[in-house]
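The block underneath contains the structure these notes are about, expressed in structure tokens.
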Amino acid sequence: MVKVGVLVGSLSRQAYSLRLAQYLATRLPEVEMLQLDYSELPFYNPDLERTEPPMEWTAFREAVRQIDGFLIVMPEYNLSIPAALKNALDVISVPAPALPVQGKPALAITDSSGSRGGMLANVHLHQVLQALGFAVLPAYVTIGKVSEVFMGDELTDEFEVQLLDEQLQKFKTALTQFTRSQAKQMAFQESFSLTKERLTLLEDRKPLGYADLRRTTGHLEINHVIVQPDQRGKGVARRIMVLLLAIAEETSLTVIPHCSYAQAFIDHHFEYQPLLAN
């Protein structure tokens, strides 16, 4: 499942930014939303990079590397980014050049009690995220008079609901493109053999498993995905599916999954559902 890291810009448990982030998670059930806790990160000091970086930095950077995209929801503090969030972004800005967020989609949303919804902070946040290598969605999404548009945990303003849903769909599209691109790069590093009727995944020339196929005009039919008994439980079937779907996309074929595992895999990974035959 695609993983989205959620960064909430306020440390307050009563923050509307937290309430808004939790609401947005319910509007995008296809992805796994993981709130990233940065509250205990030591202040960034480049001197500490010269010895052994703090354990908290290392753990936070590694968590960020495992994420496919980011949802950032923050209030406007003095026309800018809250200090704790800015510190978290500074921590993940190194080590260069292997930035852990390079090319990953990000949706940035600000809120405020005023009518402008933190627009100046939103522009500032976009600048910082772009500098770090995020693929930031270009819209400046702001929620003004935030305390007036919530009733409990529900957003009641229909205009704001429509605006946010539109941006979430664009975010979902960006996630789809990014995750499929990354998976394709990794898949084509696999060792495999391919005929018209079978794809076999290999390791040291040894078959780990295979998929029985049928290619028709414009379609790739997946009939069975079989894993060798001694390789079960090692993620082989997943690797076969990712490779098959990468090949289908690369050759402009749509997919017909007759195999129950293949169907379940695609059902569980929304990013591959556009490859299904109508």
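The values are calculated or read from the model by the stated rules, or taken from the named source; none is laboratory data. What you are looking at is a predicted structure, and each value in this text was computed from that prediction instead of being measured. In this analysis, Cβ positions are derived from the backbone assuming ideal geometry, glycine residues included, and neighbour counts consider all displayed protein chains. To get the accessible areas, we keep the full protein, side chains included, count just its heavy atoms, and leave off ligands, DNA and RNA. Shrake-Rupley method; radii C 1.70, N 1.55, O 1.52, S 1.80 Å.
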Packing-based order for 181-188, 80-87, using average beta carbon neighbours within 10 Å, highest first
80-87, 181-188
Accessible area of the chain divided out per residue, in Å², using a probe of 1.4 angstrom
52
Working from Cα positions, state the angle (0 to 90°, nearest 10) between the long axis of helix 158-187 and the longest principal axis of the chain.
40
Quick check on the stretch 43-114: take the gyration tensor over C-alpha atoms, sort the square-rooted eigenvalues as a ≥ b ≥ c, and tell me if it's rounded (a/c under 1.5), prolate or oblate.
oblate
Can you pull a Stokes-Einstein diffusion coefficient for the chain at 25 °C (0.890 mPa s), Rh from Kirkwood over Cα pairs, as a whole number of µm²/s?
118
For the chain, which whole-number percentage of the solvent-accessible area (1.4 Å probe, protein heavy atoms only) is attributable to carbon and sulfur atoms?
51
